[in-house]
Every structure is written in C-alpha cells, then in structure tokens.
Amino acid sequence: MVAQAWSRALCARLCPGAPRRLHGWGSAAFSSRSPSSSTNDGFLKEKRAQIMSRGLPKQKPIEGVKQVLVFASGKGGVGKSTTAVNIALALAAHDSTKGVGLLDADVYGPSIPKMMNLKGNPELSPKNLMRPLKNYGIACMSMGFLVEETAPVVWRGLMVMSAIEKLLRQVDWGQLDYLVIDMPPGTGDVQLSVSQNVPVTGAVIVSTPQDIALLDARKGAEMFRKVHVPVLGLVQNMSVFQCPKCKHETHIFGADGVRDLAKTLGLDVLGDIPLHVNIRETCDAGQPIVISQPQSDTAKAYLRIATEIVRRLPTPPA
C-alpha cells in the first residue's frame, strides 16, 4: 500500500493535471475531426513554434554536485549497471574524502536497489526534496525506490523525461564530488535529456568485445560527441573467462574488440573486466565485489579503471 501511495504521489508530481486531461476520454476522443479541430491544430502549431524558438535547453548544474559521470553502453546486457555500481564504489575507495552518488536513470528496469542492497521509500527534506538512500557510503536514487519491485513502469517518453528531471533536480544530493549516472541502453530520450540539461563531465562507454555489442557502443560514443559530452574512454567488460579448475582462458565474446573500436574512434581503453562468476554473485547478493572482496583481482581491475577515470577528469570548480 505504501509503495502504491508513493507511485501515485510520484505520478502526480511528474504529470500534474494528467488525470484531469485523461478523465472522460472515450471513443469520441479518437473519432473523426470535430468542428473545433482546426482551432486545436492552430494551437498546437503555435505551441510547437514557441518550443522550437527556445532552442536547446540551457544546462544547469545539479545543486551540490561537482562532477557528473555517465555510464552508457548502447546495447543492453553488457554489464553496464554492474560496472557503474562497482566504479562508484571504487571512486569512493580511491579517495575516502570524496562524496559519491549513484543515480539509476533506467526508469523501466532499475537495477541499483538490488545491487546496492537498498529498499524503502526516500524521505522528504524540509524543502520537499527526496533524500537518497545510502549504503556503503554511496548516496543512491532510483525509480526502484518509488514503485513496487514487480510493478512495470508503463510510461511514454515525456513522462520518462519528466521523471529523470525530478530524480536529478528534486533530490537532496548533499555535497558530492562525483555523481555516477547509470544510463539505460540505447541513445534515446533519457540520454539526450541528461546530456542537454546537465553539464556532464565525461562519459564512459561499456561494451563486451562482441561485434553486435560494439555496433551499439560506437553509436553511444558518437551520440555523446554530437552533444559535446567528452568521452573519457571505453571499458572492455567480460573480456576473458578463466576456468577455475585448469586456468585455461577463453575469449567467449571475442578478443580485443573494444580495443579495436577505441583505435577507430581515437579513444582510450580504461581497462578490462573479466567474465567471473563472483561479479555476478556479489551484485545479486547486494554486496558488489569492490566492497565484499576488495583484495580480489577483479576488484583491483575496477579500482584501476576508477583511477584512470579520475586521471582524465578536469579540475572541478571550487
């Protein structure tokens, strides 16, 4: 019941007036043109012209956040969320004085609550801002905190973009040195909305070496270039599988595909992450490997990537 109430409240905040607009819709709403249709067409044309005349939205920093890092892939299922979670933890481990936040921008399929072992609804501050849930020292915000775990989010693009805006702007992030944004797959509304509305410090592209994944990884990198977001580099995920018994290494998804793509794009490879069962098990358990097995070779691989990311970042504003 609580989750349902939160969901209703969220919808009210994201789309005030939506129930009024939808109330009473029936077959008549989709019938042939009415006498007032020409008036409506004129209004829509005028509204469209007003919106177009504004040009691109002006970027506005997120209050309290010094640098924004986006993790994208283009293709789903390549381990982007797992990488974003472990890199966020690795950034905090790299320098314990730095504040790190994690935003789950995948409205339709949020993963951060489970990976970070977080449940519950955000509390509201006196300024009516949502307070992030915290674990392992990381401030986290996700649509998964606002809807029931098994409830699908069935929204059109405008509502999704409005939700992202609220998750960015109506959250009391406190003081953060890094806000890591886990992007959804693709190059659509969310990527464009974040890139155009927030001054993004840099993007990290995550891909497996597989040709199919690389096709979309390239599109992701090119998209960020078009919207003038610096691409810090690529991460080659699931690069190699080592048999736990005989130690034989197999490149299940191919070898060095991400390196070849990086050369083509003139970008750096930030590091390689192997295909290891412990990465999956620890994230499923809500104890990411950087936290639960910090001395493992895999955790050290994430830490090296975090170091490479920090090395490429500009000096943050004072």
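The values are calculated or read from the model by the stated rules, or taken from the named source; none is laboratory data. Everything quoted here is computed from the prediction, not taken from an experiment. Virtual Cβ from ideal backbone geometry, glycine too; neighbours counted across all protein chains shown. When the accessible area is computed, the model is the full protein with side chains, heavy atoms only, and any ligands, DNA or RNA have been set aside. Shrake-Rupley method; radii C 1.70, N 1.55, O 1.52, S 1.80 Å.
Hey, among GLN50, GLN59, which residue is at pLDDT below 95, open to solvent by 50 Å² or more (accessible area, probe 1.4 Å), closer than 25 Å to ALA221 by Cβ and of a type in the set (S, T, N, Q)?
GLN59
For residues that are under 16 Å from the mean Cα position of the chain (by Cα) and polar (S, T, N, Q), scanning just segment 139-185, find the one that is most open to solvent (accessible area, probe 1.4 Å).
By that ranking, first place goes to SER162.
Would it be correct to say that THR264 is more than 30 Å from GLY137 (Cα to Cα) and open to solvent by 40 Å² or more (accessible area, probe 1.4 Å)?
yes
Given the conditions (1) of a type outside the set (Gly, Ala, Ser); (2) at pLDDT 90 or above; (3) over 15 Å from the mean Cα position of the chain (by Cα), report the number of the one that VAL198 does not fulfil.
Just one mismatch for VAL198, condition (3).
Against the condition charged (D, E, K, R) and either loosely packed, with under 14 Cβ neighbours inside 10 Å or free of Cβ contacts under 8 Å to residues at least 60 places away in the same chain (or both), how does ASP189 come out, does it pass?
So ASP189 fits the description; yes.
How many of the residues in segment 75-100 are open to solvent by 40 Å² or more (accessible area, probe 1.4 Å) and either farther than 21 Å from LEU270 by Cα or charged (D, E, K, R) (or both)?
Number of matching residues: 5.
Count, please, the residues in segment 253-293 that happen to be in a loop (DSSP other than H, G, I, E, B) and within 17 Å of VAL204 (Cβ to Cβ).
The total comes to 4.
Is it the case that some residue within segment 240-252 is open to solvent by less than 70 Å² (accessible area, probe 1.4 Å), modelled with pLDDT of 95 or more and outside any loop (DSSP other than H, G, I, E, B)?
The answer is no, given that none of the residues of segment 240-252 is open to solvent by less than 70 Å² (accessible area, probe 1.4 Å), modelled with pLDDT of 95 or more and outside any loop (DSSP other than H, G, I, E, B).
Identify the residue in segment 101-138 that is part of a loop (DSSP other than H, G, I, E, B) and among the basic types (Lys, Arg) and, among all such residues, is most open to solvent (accessible area, probe 1.4 Å).
Kept after step one, since they are part of a loop (DSSP other than H, G, I, E, B), are these residues of segment 101-138: 105-111, 116-123, 125-129, 131-132, 136-137.
Checking which are among the basic types (Lys, Arg) leaves us with 119, 127, 131.
Working: LYS119: 178, LYS127: 160, ARG131: 94 Å².
Ranking the qualifying residues of segment 101-138, first place goes to LYS119.
Could you list, in sequence order, all residues of segment 196-228 that are of a type outside the set (A, V, I, L, M, F, W, C), part of a helix (DSSP H, G or I) and surrounded by 24 or more Cβ atoms within 10 Å (Cβ to Cβ)?
GLY220
Out of VAL277, VAL290, report the one residue that is at pLDDT below 95 and closer than 24 Å to PRO110 by Cβ.
Selected residue: VAL277, the only one of VAL277, VAL290 that is at pLDDT below 95 and closer than 24 Å to PRO110 by Cβ.
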